[in-house]
Amino acid sequence: MAIALTPTPVLRTGRLRLDPLGPEHLEGAWAALHDGEVMRLTGTHATFTRDTIVTWLASLGGRDDRSDWAIIREADGVYLGEVVLNDVDEDNRSAGFRIALGSAEWFGQGYGTEATRAVLAHAFETAGLHRVELEVFAFNPRAQRSYEKCGFVVEGRRRDALLWDGEWVDAIVMGCLSHEKR
(Lines give C-alpha, C1' and ligand atoms only; values in the text may rest on other atoms or scores of the structure.)
Protein backbone atom coordinates (compact mmCIF):
# COMPACT_ATOMS: atom_id res chain seq x y z
CA MET A 1 0.00 0.00 0.00
CA ALA A 2 1.45 3.36 -1.01
CA ILE A 3 1.49 6.24 1.43
CA ALA A 4 -0.51 9.16 0.03
CA LEU A 5 0.98 12.35 1.47
CA THR A 6 0.69 14.47 -1.66
CA PRO A 7 -0.88 16.72 -2.40
CA THR A 8 -1.11 18.03 1.18
CA PRO A 9 -4.82 18.74 1.64
CA VAL A 10 -6.47 21.52 3.60
CA LEU A 11 -7.83 19.98 6.82
CA ARG A 12 -10.63 21.59 8.85
CA THR A 13 -11.78 21.26 12.44
CA GLY A 14 -14.32 23.17 14.49
CA ARG A 15 -11.98 26.12 15.06
CA LEU A 16 -9.00 25.53 12.80
CA ARG A 17 -7.98 25.31 9.19
CA LEU A 18 -4.78 23.44 8.46
CA ASP A 19 -3.37 24.84 5.22
CA PRO A 20 -0.38 23.44 3.35
CA LEU A 21 2.57 25.36 4.83
CA GLY A 22 4.25 27.69 2.36
CA PRO A 23 5.80 31.10 1.74
CA GLU A 24 2.55 32.88 2.62
CA HIS A 25 3.13 31.80 6.25
CA LEU A 26 6.54 33.44 6.55
CA GLU A 27 5.60 36.09 9.13
CA GLY A 28 4.02 33.58 11.52
CA ALA A 29 6.84 31.07 11.13
CA TRP A 30 9.46 33.79 11.57
CA ALA A 31 7.79 35.05 14.78
CA ALA A 32 7.63 31.51 16.21
CA LEU A 33 11.36 31.06 15.61
CA HIS A 34 11.98 34.08 17.82
CA ASP A 35 9.82 32.97 20.73
CA GLY A 36 12.10 31.66 23.49
CA GLU A 37 9.52 29.32 25.01
CA VAL A 38 8.63 27.80 21.64
CA MET A 39 12.32 27.23 20.95
CA ARG A 40 12.79 25.58 24.36
CA LEU A 41 9.76 23.28 24.06
CA THR A 42 10.89 22.13 20.61
CA GLY A 43 14.53 21.81 21.70
CA THR A 44 15.64 24.10 18.89
CA HIS A 45 19.18 25.40 19.37
CA ALA A 46 19.64 26.59 15.79
CA THR A 47 19.21 30.14 14.68
CA PHE A 48 17.80 30.89 11.26
CA THR A 49 18.05 33.73 8.80
CA ARG A 50 14.94 35.09 7.18
CA ASP A 51 16.27 33.94 3.78
CA THR A 52 16.71 30.40 5.12
CA ILE A 53 13.08 30.31 6.23
CA VAL A 54 11.86 31.76 2.93
CA THR A 55 13.80 29.05 1.05
CA TRP A 56 12.55 26.30 3.37
CA LEU A 57 8.89 27.34 3.07
CA ALA A 58 9.19 27.55 -0.72
CA SER A 59 10.65 24.02 -0.84
CA LEU A 60 7.70 22.32 0.86
CA GLY A 61 5.12 22.39 -1.93
CA GLY A 62 4.77 19.12 -3.78
CA ARG A 63 7.12 17.08 -1.61
CA ASP A 64 6.07 13.45 -1.36
CA ASP A 65 8.11 12.58 1.73
CA ARG A 66 6.28 14.82 4.21
CA SER A 67 3.19 16.95 4.80
CA ASP A 68 3.50 20.32 6.52
CA TRP A 69 0.52 22.41 7.58
CA ALA A 70 0.09 25.91 8.95
CA ILE A 71 -2.39 25.96 11.83
CA ILE A 72 -4.78 28.84 11.13
CA ARG A 73 -7.54 29.97 13.48
CA GLU A 74 -10.69 30.11 11.34
CA ALA A 75 -12.31 32.98 13.25
CA ASP A 76 -9.64 35.55 12.41
CA GLY A 77 -7.07 33.92 10.10
CA VAL A 78 -4.29 34.08 12.71
CA TYR A 79 -1.31 31.75 12.19
CA LEU A 80 -1.03 29.66 15.38
CA GLY A 81 1.83 27.32 14.43
CA GLU A 82 2.67 24.32 12.31
CA VAL A 83 2.07 20.59 12.34
CA VAL A 84 4.02 18.03 10.32
CA LEU A 85 4.09 14.40 9.23
CA ASN A 86 7.69 13.58 8.27
CA ASP A 87 10.34 10.85 8.30
CA VAL A 88 8.04 8.59 6.29
CA ASP A 89 8.90 4.89 6.22
CA GLU A 90 6.80 3.64 3.34
CA ASP A 91 7.72 -0.03 3.84
CA ASN A 92 6.40 0.05 7.39
CA ARG A 93 3.64 2.62 6.79
CA SER A 94 4.92 4.90 9.53
CA ALA A 95 5.81 8.55 9.92
CA GLY A 96 7.05 11.00 12.48
CA PHE A 97 4.89 13.76 13.88
CA ARG A 98 5.69 17.17 15.25
CA ILE A 99 3.71 20.22 16.16
CA ALA A 100 4.69 23.65 17.42
CA LEU A 101 2.31 26.38 18.46
CA GLY A 102 4.03 29.65 17.68
CA SER A 103 3.44 31.52 20.95
CA ALA A 104 2.74 30.73 24.60
CA GLU A 105 -0.43 32.84 24.31
CA TRP A 106 -2.01 29.94 22.38
CA PHE A 107 -1.02 27.20 24.86
CA GLY A 108 -3.69 25.56 26.98
CA GLN A 109 -6.60 26.36 24.65
CA GLY A 110 -6.86 22.99 22.91
CA TYR A 111 -5.49 24.16 19.57
CA GLY A 112 -2.64 21.63 19.58
CA THR A 113 -4.96 18.75 20.49
CA GLU A 114 -7.44 19.78 17.79
CA ALA A 115 -4.75 20.02 15.11
CA THR A 116 -3.17 16.72 16.20
CA ARG A 117 -6.50 14.90 15.96
CA ALA A 118 -7.08 16.26 12.45
CA VAL A 119 -3.63 15.20 11.24
CA LEU A 120 -3.94 11.73 12.80
CA ALA A 121 -7.33 11.23 11.12
CA HIS A 122 -5.74 12.19 7.81
CA ALA A 123 -2.69 9.99 8.44
CA PHE A 124 -4.70 6.87 9.20
CA GLU A 125 -7.90 7.32 7.19
CA THR A 126 -6.57 8.96 4.02
CA ALA A 127 -2.79 8.66 3.75
CA GLY A 128 -2.70 4.96 4.66
CA LEU A 129 -0.29 5.12 7.57
CA HIS A 130 -0.31 2.42 10.25
CA ARG A 131 1.90 4.16 12.83
CA VAL A 132 2.69 7.75 13.78
CA GLU A 133 5.42 8.46 16.32
CA LEU A 134 6.88 11.44 18.13
CA GLU A 135 9.22 12.56 20.86
CA VAL A 136 8.32 15.11 23.52
CA PHE A 137 10.74 16.54 26.03
CA ALA A 138 10.15 15.68 29.68
CA PHE A 139 9.84 19.35 30.59
CA ASN A 140 6.67 19.57 28.48
CA PRO A 141 4.02 17.51 30.34
CA ARG A 142 1.23 19.67 28.87
CA ALA A 143 2.12 18.43 25.37
CA GLN A 144 2.41 14.84 26.59
CA ARG A 145 -1.13 15.03 28.03
CA SER A 146 -2.39 16.46 24.74
CA TYR A 147 -0.78 13.63 22.78
CA GLU A 148 -2.28 11.05 25.15
CA LYS A 149 -5.75 12.58 24.61
CA CYS A 150 -5.22 12.02 20.88
CA GLY A 151 -4.31 8.35 21.29
CA PHE A 152 -0.52 8.37 21.62
CA VAL A 153 0.96 6.06 24.24
CA VAL A 154 4.35 6.25 25.93
CA GLU A 155 6.67 3.64 24.43
CA GLY A 156 9.98 4.59 25.95
CA ARG A 157 12.41 7.23 27.05
CA ARG A 158 15.64 8.55 25.55
CA ARG A 159 17.63 9.60 28.56
CA ASP A 160 19.58 12.88 28.47
CA ALA A 161 18.54 13.48 24.87
CA LEU A 162 18.67 17.28 25.04
CA LEU A 163 21.06 19.67 26.75
CA TRP A 164 19.13 22.85 27.51
CA ASP A 165 20.53 25.69 29.59
CA GLY A 166 23.11 23.36 31.13
CA GLU A 167 20.57 20.71 32.14
CA TRP A 168 20.02 17.32 30.53
CA VAL A 169 16.43 16.55 29.55
CA ASP A 170 14.92 13.20 28.60
CA ALA A 171 12.84 12.71 25.44
CA ILE A 172 9.71 10.63 25.84
CA VAL A 173 8.96 8.42 22.85
CA MET A 174 5.26 8.05 21.99
CA GLY A 175 3.39 6.24 19.25
CA CYS A 176 -0.14 5.89 17.91
CA LEU A 177 -1.40 3.01 15.76
CA SER A 178 -4.16 3.15 13.18
CA HIS A 179 -6.34 0.54 14.89
CA GLU A 180 -6.17 2.08 18.35
CA LYS A 181 -8.88 4.25 19.85
CA ARG A 182 -8.22 7.96 19.35
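The values are calculated or read from the model by the stated rules, or taken from the named source; none is laboratory data. Quick caveat: nothing in here was measured; it's all calculated off a predicted structure. Note that we place each Cβ from the backbone using ideal geometry, even for glycine, and neighbour counts take in every protein chain shown. Keep in mind that these areas ignore ligands, DNA and RNA; they rest on the heavy atoms of the full protein, side chains included. Shrake-Rupley method; radii C 1.70, N 1.55, O 1.52, S 1.80 Å.
Quick look at the numbers
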{"item": "Enumeration of residues in segment 16-46 that are open to solvent by 30 Å² or more (accessible area, probe 1.4 Å) and in contact with a Gly (Cβ under 8 Å, 6 or more places away or on another chain)", "result": "Pro20, Ala31, Asp35"}
{"item": "Residue list for segment 65-76, restricted to those being within 17 Å of the chain's Cα centre (by Cα) and of a type outside the set (Gly, Ala, Ser)", "result": "Asp65, Arg66, Asp68, Trp69, Ile71, Ile72, Arg73"}
{"item": "Contacts under 8 angstrom Cβ, first residue in segment 39-67 being within 14 Å of Thr6 (Cβ to Cβ), partner open to solvent by less than 70 Å² (accessible area, probe 1.4 Å) and among the acidic types (Asp, Glu), 6 or more apart", "result": "Leu60/Asp68"}
{"item": "Scope segment 23-37; condition in contact with a helix residue (DSSP H, G or I) (Cβ under 7 Å, 6 or more places away or on another chain), touching a residue at least 40 places away in the same chain (Cβ under 8 Å) and either among the aromatic types (Phe, Trp, Tyr) or closer than 25 Å to Ala121 by Cβ (or both); matching residues", "result": "His25, Ala29, Ala32"}
{"item": "Subset of segment 88-117 (residues that are open to solvent by 30 Å² or more (accessible area, probe 1.4 Å), on the phi < 0 side of the Ramachandran plot and in a loop (DSSP other than H, G, I, E, B))", "result": "Glu90, Asp91, Asn92, Phe107, Gln109"}
{"item": "Residues satisfying the stated conditions in segment 129-144, i.e. assigned to a strand (DSSP E or B) and open to solvent by less than 40 Å² (accessible area, probe 1.4 Å)", "result": "Val132, Leu134, Val136, Phe137"}
{"item": "Segment 7-53: number of residues that are β-branched (Val, Ile, Thr), within 17 Å of the chain's Cα centre (by Cα) and assigned to a loop (DSSP other than H, G, I, E, B)", "result": "4"}
{"item": "Residue list for segment 145-169, restricted to those being under 19 Å from the mean Cα position of the chain (by Cα) and surrounded by 17 or more Cβ atoms within 10 Å (Cβ to Cβ)", "result": "Ser146, Tyr147, Cys150, Gly151, Phe152, Leu162"}
{"item": "Any hit, segment 71-85, residues being in a loop (DSSP other than H, G, I, E, B), open to solvent by 30 Å² or more (accessible area, probe 1.4 Å), among the β-branched types (Val, Ile, Thr) and modelled with pLDDT of 95 or more", "result": "yes"}
